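Notes follow once the structure below has been shown.
The values are calculated or read from the model by the stated rules, or taken from the named source; none is laboratory data. Keep in mind it's a predicted model, so treat the numbers as computed, not measured. Backbone-built Cβ (ideal geometry, glycine too); neighbour counts: all protein chains shown. Side chains included, ligands, DNA and RNA excluded: accessible areas come from the protein's heavy atoms. Shrake-Rupley method; radii C 1.70, N 1.55, O 1.52, S 1.80 Å.
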Amino acid sequence: EYVPEKVDYVFKVVVIGDSAVGKTQILSRFAKKEFCLESKSTIGVEFQTRTVSIKSKVIKAQIWDTAGQERYRAVTTAYYRGALGAMLVYDISRRQSFDNLARWVEELRANSDNSIVIMLIGNKADLVEQRAVPTEDAVEFAKDQGLFFAETSALSGDNVDKAFFQLLEEIYAVV
Ligand code: GDP
Ligand code: MG
């Protein structure tokens, strides 16, 4: 007998940020941990899902990844449509990816609801020797822009789940 999964909520989350900051790797880290992996490819967009339990509710996180459209303003409005959360990723070893964040925030705000929950992610935290963005700079930027913030390593897996769970919990708190 086929018993459908009981899902209380589906939360769409978009992952954005410059090319090569580790967006796809972060998403794989989070989504592939679950046996209930589901992947969908369409032209230019794809998402993966992971179903988690938050405050005794079953929440299916549907996380969208850009398919190489990271060029500024190349991400389409359809990508952002209906998103309740966003992971805004930069690379702690590449200053330019941090300096471009304001533009990403602007694009995100222009294409999403005011209530969208945004988590700033400083990825590649394992690259200690090559750090080009002090944590304090990111904390300040996050505070100014009203974003949550975490540093992660998709390579080691450090903090990836924690960041996603925090984002999903914050979304749950506002839906
Ligand atoms: P995207 O273009 O933002 O989707 O970036 P990718 O996920 O394709 O990653 C770009 C490159 O960075 C790849 O060579 C990854 O192996 C590498 N990478 C991603 N995450 C990390 C990380 O946390 N640490 C390190 N050292 N490398 C990473
Ligand atoms: Mg990618």
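Number of residues in segment 132-145 that are in a helix (DSSP H, G or I) and touching a helix residue (DSSP H, G or I) at 6+ places or on another chain (Cβ under 9 Å): the value is 4.
What are the residues in segment 132-175 that are under 14 Å from the mean Cα position of the chain (by Cα) and either free of Cβ contacts under 8 Å to residues at least 40 places away in the same chain or farther than 23 Å from Ala61 by Cβ (or both), if any?
To start, the set of residues in segment 132-175 that are under 14 Å from the mean Cα position of the chain (by Cα) comprises 147-154, 159-171.
Those that are under 14 Å from the mean Cα position of the chain (by Cα) and either free of Cβ contacts under 8 Å to residues at least 40 places away in the same chain or farther than 23 Å from Ala61 by Cβ (or both): Phe148, Phe149, Ala150, Ser153, Asn159, Lys162.
Among all positions in segment 64-77, there is at least one residue which is more than 16 Å from ligand 2 (Cβ to nearest atom), in a helix (DSSP H, G or I) and either modelled with pLDDT of 85 or more or surrounded by 14 or more Cβ atoms within 10 Å (Cβ to Cβ) (or both). Filtered by the rule that a residue be within 26 Å of Arg103 (Cβ to Cβ) and modelled with pLDDT under 90, segment 1-24 gives a lone residue, Thr24.
Find the residue count for segment 92-111, including only residues that are of a type in the set (Ser, Thr, Tyr) and open to solvent by 20 Å² or more (accessible area, probe 1.4 Å).
If we filter segment 92-111 for residues that are of a type in the set (Ser, Thr, Tyr), which is where we start, we get 93, 97.
Narrowing the set further to residues that are open to solvent by 20 Å² or more (accessible area, probe 1.4 Å) leaves 93.
Of the residues in segment 92-111, 1 are of a type in the set (Ser, Thr, Tyr) and open to solvent by 20 Å² or more (accessible area, probe 1.4 Å).
Screening Val133 against (1) in contact with a Gly (Cβ under 9 Å, 6 or more places away or on another chain); (2) under 26 Å from Val7 (Cβ atoms) leaves a single unmet condition, (2). So for segment 114-131 (the condition being within 27 Å of Val52 (Cα to Cα), assigned to a helix (DSSP H, G or I) and open to solvent by 10 Å² or more (accessible area, probe 1.4 Å)), does at least one residue qualify? No. Taking segment 131-156 as the range and being away from ligand 2 (no atom under 16 Å from the Cβ), touching a Lys or Arg at 6+ places or on another chain (Cβ under 8 Å) and of a type outside the set (Ser, Thr, Tyr) as the test, the residues that pass are Ala132, Val133, Ala150.
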